[in-house]
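The values are calculated or read from the model by the stated rules, or taken from the named source; none is laboratory data. Since this is a predicted model, take the numbers as computed values, not measurements. Using ideal geometry, Cβ is built from the backbone for each residue, glycine included, and neighbour counts are taken over all protein chains shown.
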């Protein structure tokens, strides 16, 4: 068995807007076209054996961002929760949970902007 080491950087970033919690995904190393391929073929995609998204969770499929090497990269954005009153409600299907999880909107656990 051969093991290969790469400088592959996969970035998962959390952010929030007025109504939603969002997970952004991009890969500094190469093609992320597999994401859309999985969504089209199976209707879902799983990141890091942790986050499971369905096609309807995808909010932006072709956002182009500049990489550190001045190359364009594709960034995918998925909804992981929504604001309900004063609390964010996490989508239980994304995390493989059977119960809802709520936390107050003032909690600061998101990536710095």
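The set of residues in segment 22-34 that are surrounded by 14 or more Cβ atoms within 10 Å (Cβ to Cβ) and either at pLDDT below 65 or farther than 11 Å from residue 77 by Cβ (or both) comprises 27, 28, 32.
Assessment of segment 102-109 against the conditions (more than 16 Å from residue 15 (Cα to Cα), at pLDDT 80 or above and assigned to a loop (DSSP other than H, G, I, E, B)) yields no matching residue.
Which one of these is loosely packed, with under 12 Cβ neighbours inside 10 Å, at pLDDT 80 or above and touching a helix residue (DSSP H, G or I) at 6+ places or on another chain (Cβ under 9 Å): 91, 54, 40? Answer to the selection: 40. Among the residues of segment 4-21, the ones that are assigned to a loop (DSSP other than H, G, I, E, B) and modelled with pLDDT of 65 or more come to 3 in all.
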